[in-house]
1. Have a look at B:Asn280, B:Gly294, B:Tyr245 and report the one farthest towards the positive end of the charge dipole of the range B:244-300, computed about the Cα centre with Cβ charges (Lys/Arg +1, Asp/Glu -1).
2. Could you sort the residues of the range B:146-163 by number and keep only those whose accessible area is reduced by 30 Å² or more in the all-protein-chain setting relative to the chain alone, 1.4 Å probe?
3. What residues have an amide H closer than 5 Å to that of A:Val97, excluding those fewer than 5 places away on the same chain, when H is modeled at 1.01 Å from N in the peptide plane?
4. At 1.4 Å probe size, put B:Leu249, B:Leu43, B:Leu83 in order of accessible surface, largest to smallest.
5. With every protein chain present, what is the per residue accessible area of the range B:258-301 (1.4 Å probe, Å²)?
6. Can you give the accessible area of A:Tyr159 in Å² (nearest 10), computed on protein heavy atoms with a 1.4 Å probe?
7. Computing the accessible area with a 1.4 Å probe over protein heavy atoms, can you report the carbon and sulfur percentage for the protein assembly as shown?
8. Which residue, chosen from A:Leu173, A:Gln139, A:Met185, occupies the Cα position most advanced towards the positive end of the dipole of the range A:115-209, where the dipole is computed from +1 (Lys, Arg) and -1 (Asp, Glu) charges on Cβ about the Cα centre?
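The values are calculated or read from the model by the stated rules, or taken from the named source; none is laboratory data. This is a predicted model, so every value here is computed, not measured. Positions of Cβ are backbone-derived with ideal geometry, glycine not excepted, and every protein chain shown enters the neighbour counts. These area figures cover heavy atoms from the full protein model, side chains too; ligands, DNA and RNA do not enter into them. Shrake-Rupley method; radii C 1.70, N 1.55, O 1.52, S 1.80 Å.
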Amino acid sequence: MSKQGLIGIIVVSILILLIIGASPFFVVDIIETAIVVQLGKPVRTITEPGLKFKIPFIQEVIRFDKRLLDYDSEPQDVVTGDKKTLVIDNFAKWRIVEPLTFYEAFRTERTARARLDDIIYSELRVDLGQHDLSEIISQNRSEIMAKVTKRANEKALEYGIEILDVRIKRADLPEQNEKAVFRRMQAERGREARRYRSEGAEEAQKIRSQAEKEKEILLAEAYKTQQELMGEGDAKAFRIYAEAYGQDAEFFEFVRSMEAYKKVLGKNTRVVLTPDSEFFKFIQQDK
Amino acid sequence: MSWEPRGPGGNMEDPFAKILQEFQKILKKRPGGPVFKGWKPILVLVIIGLFIWKGFYIVAPDEQGVVLRFGEMVRTSAPGPHLKIPMIEEVFLPKITKLHRIEIGFRTSRGGIAQMIPQEALMVTGDENIVAMELIVQFRIKDAREFLFNVADIGPTIKKSTEASIRQVIGQKRIDEALTVGKAQIQQETQIVLQQILDEYEAGVQITAVQLQDVDPPEAVASAFKDVASAKEDKEKLINEAHGYRNDLIPKAKGEAAQMVNEAQAYAEARVRRAEGEANRFLRTLKEYQQAKGIIRKRIYIETMEAIMGDIEKVIIDSRIAGQVLPFLPLGRDGLTPARGKENR
């Protein structure tokens, strides 16, 4: 047979196979790994994508997702080292690294997820149970997650799985605790508000009484000065009077009395006098 | 670049050029002769037509074309028109310049209103308080191949990783930091943690920003928190009022004080002046008096008497009977008081 004839036969055979659906070709996608199973027994593992060949009818291809897969379970209660409860919602990233081992252990992804649940959750519970609530929430969070990842990964290896990352998506307080926390937060804020207000009142009071004190001092000083000045004025006036009137005290008395009489004895005064009264003393004398 | 084609074929050229090459070869096989005679060239043309129709695709300016052949990545395509081998080659067109965005803790409804989602938004702080965070994560595809093929469910993965990151960061902050001064810090730290996680997953994603939209205390305690702000204001107000009172009181007091002093000064001065005036008057009179005592004295006396006597009512009684008669004299008058200064002998 000629070379062309041989090629022709092969092409025709392949076309027939394709038509009846027993293709010898298969494509492994970039996101897949595959194993070729012959009569129930795995014979070949394929990790690189591309166009591949198999023996039709006898061999079948089982595919697995090569990508980083997601594991996310329902939130669950976990008890911490200091006997408090947290509601943990975690997720994990995992890959199938040994398709063959994986296949032999699980057959399907769904079975695998159940096993993952066990591995991850049990590890999480153990590790979280060794730490206090505050450590889990703040200081040691990433350390704890790294430890859980490492331990879970060790367990998963025997199934051909790599667990790359276990992470706590949410760590929340159970509802009653949440309510208790809210009450505490409210109380704390209430105290704070009261504190501000009473500080304000206290400060205001200080300022006011300080101001009043200053006012009193100001007025007292002014009063003192006032009295001093008035006293000085009075004293000076007295000195002036004394100096002047002192020059002839008797004359002063006379003149002053005259003025007094002028003032005191006016229109509506009725005077009863005797001839020898003081008033007439001068009359008689100056007759 | 990680998306250079690799595999058994080595460097593959663009099939467009390959087709032209083939076409030229066919033409060359028939030098001189008419090109379109016979069934072979027509068949070739038909095949070429189908090729172009099924294999034509356009890469938009914000996209990158990623071509798989038999499941294997063989090349990337820049923006513009391209051909692929139909059925055998598959094209993905991720938007690599677009800033993608994910909402955490809230959803913006079609009306544009943001609705908080409590389970996503509420988280525990370092000082065991609870706070509600609403944030946006912005990211870009930095490696198309990694983005498309490394991680299953990349969108939800980014979201979960963000939730884990922000909670990790908030778990180390006090609630007051989160509510007030710590926001920029929180954004930065979350971005760093998130990028680390996604790089570990080889997700091909670059986080461009983490933006806090809203940080609030949980609704149940919101009014208590608001009251603290009110209380601060109240405190300020009380203190300001007190200052106001003071600023009113002291100047007034100073004014009063000054007035007291001024009045005293005025009094003193007036007193002295009057004294001086009276003293001078006296001294002048005295001077006169000293010139001629008797005459002056008389003069003054007479003047005084003139002034007085005219007005007053006088009753003169002999001193011997005054004591017996005086009680019976009608001295009081209607509405008028009895004379002052009367002398009873």
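1. B:Gly294
2. Those are B:Phe149, B:Asn150, B:Ala152, B:Lys160, B:Glu163, which lose 30 Å² or more relative to the chain on its own.
3. Here A:Ile161, A:Glu162 satisfy the definition.
4. B:Leu43, B:Leu249, B:Leu83
5. About 66 Å² of surface per residue is accessible.
6. Accessible area of A:Tyr159: about 50 Å².
7. Values: 19640 of 36050 Å².
That share works out to 54 percent.
8. Working it through, the farthest residue towards the positive pole turns out to be A:Met185.
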